[in-house]
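For reference, the structure is listed below as structure tokens.
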Amino acid sequence: GEDVEQSLFLSVREGDSSVINCTYTDSSSTYLYWYKQEPGAGLQLLTYIFSNMDMKQDQRLTVLLNKKDKHLSLRIADTQTGDSAIYFCAESKARSQGNLIFGKGTKLSVKP
Amino acid sequence: ETGVTQTPRHLVMGMTNKKSLKCEQHLGHNAMYWYKQSAKKPLELMFVYNFKEQTENNSVPSRFSPECPNSSHLFLHLHTLQPEDSALYLCASSQDRAGGYEQYFGPGTRLTVT
């Protein structure tokens, strides 16, 4: 299977919370990242979490890491139409630091 | 200019052409990267440069030739490409290639090979 897996699509209503999930395979990953890509643009780092943490919160974003299950999630509270984008989960492998392994991305659609 | 810029933004080329993609970072970073983003596939790392030295080449075909003349500029020279090379090519930079340093991405060059 893929190193990093994500569901391809998520649709939510404006004001609801969005939860985007990701699983990875390499237990030696040191950093896990969430990137956002808007149409016609490059990737923008939203947040990252070090593997010895289980939660990180930054304004409307909450990242949860379950290292035992190799599961990462990104929760966006009070989702807005401007949050519509593709969200990529990525891991940085310990044996090849700095080289990010990306998932295929989850396309988030926010309906008014 | 700020951040990471890429030119051209769009490129259409024939299979026999030779062209180059340019990336410039204005962030004072030491590491630069080329990625390929194809539809329905994960983002693929192609090359990594750290302090102008190539440190990673992920089995990229020789029809893609990178060049890093200094820490601020990165080129991708293209020749004899195939239609399956059509993709969005993203450049990124980071302070260092070590893990944990944020990678800043450019907007990409949309390449179409006819």
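The values are calculated or read from the model by the stated rules, or taken from the named source; none is laboratory data. Quick caveat: nothing in here was measured; it's all calculated off a predicted structure. No Cβ is skipped: glycine too gets one built from the backbone with ideal geometry, and neighbour counts run over all protein chains shown. Each accessible area value is taken on the protein alone, full model and side chains, heavy atoms only, with ligands, DNA and RNA left out. Shrake-Rupley method; radii C 1.70, N 1.55, O 1.52, S 1.80 Å.
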Checklist entry - So for B:HIS29, B:HIS79, what's the accessible-area order with a 1.4 Å probe, most first? => result B:HIS79, B:HIS29
Checklist entry - What percentage of all Cα-Cα pairs in chain A are separated by more than 19 Å? => result 40 percent
Checklist outcome for this item: Cα gyration tensor of chain B diagonalised, 5x eigenvalues square-rooted, in angstrom largest first, produces semi-axes 23, 14, 13
Checklist outcome for this item: Quick calc: nm separation of the 7 Å Cα→Cβ label points for B:THR2 and B:HIS73 -> 2.4 nm
Item to check | Label-to-label distance, nm, for residues given as B:GLN95 and B:ARG63 (7 Å Cα→Cβ offset) | outcome: 4.0 nm
Next on the checklist: Using a 1.4 Å probe on the protein heavy atoms only, what accessible surface does B:TYR49 show? Give it in Å² to the nearest 10.
Outcome noted: 20 Å²
Checklist entry - Between chains A and B, what is the buried accessible area summed over both chains (1.4 Å probe, protein heavy atoms, nearest 100 Å²)? => result 1600 Å²
Checklist entry - In nm, to one decimal, how far is the modelled label at A:ASP78 from the one at A:ASP3, with both set 7 Å along Cα→Cβ? => result 3.7 nm
Checklist entry - In the full protein assembly as shown, how much of B:LYS52 is accessible to a 1.4 Å probe, in Å² to the nearest 10? => result 100 Å²
Item to check | Relative pair counts by distance (%), Cα atoms of the protein assembly as shown, 10 Å bins | outcome: 8, 33, 35, 20, 5, 0
Next on the checklist: Relative contact order for chain B: what percent, with Cα pairs under 8 Å and sequence separation of 6 or more?
Outcome noted: 36 percent
Next on the checklist: Give me the 1.4 Å probe accessible area per residue for chain A, excluding ligands and nucleic acids, in Å².
Outcome noted: 49 Å²
Checklist entry - Do the alpha carbons of any pairs in A:LYS68/A:LYS104; A:LYS67/B:LYS52; A:LYS56/B:LYS22; A:LYS56/B:LYS52; A:LYS70/B:LYS41 sit beyond 29 Å of each other, and which pairs? => result A:LYS67/B:LYS52; A:LYS56/B:LYS22; A:LYS56/B:LYS52
Next on the checklist: So if I take the centroid of the Cα atoms in segment B:3-38 and the same for segment B:51-114, what is the distance between those two points in Å?
Outcome noted: 6 Å
Checklist entry - In the protein assembly as shown, what cysteines have no partner Cβ closer than 4.7 Å? => result B:CYS68
Checklist entry - If you take the beta carbon distance between A:PHE50 and B:LYS52 as r and set R0 to 30 Å, what does 1/(1 + (r/R0)^6) give as a FRET efficiency, to the nearest 0.05? => result 0.55
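Ordering B:PHE75, A:PHE88, B:PHE51 by accessible area with a probe of 1.4 Å, largest first, what comes out?
Working: B:PHE75 50, A:PHE88 5, B:PHE51 110 Å².
Listed by decreasing accessible area, they come as B:PHE51, B:PHE75, A:PHE88.
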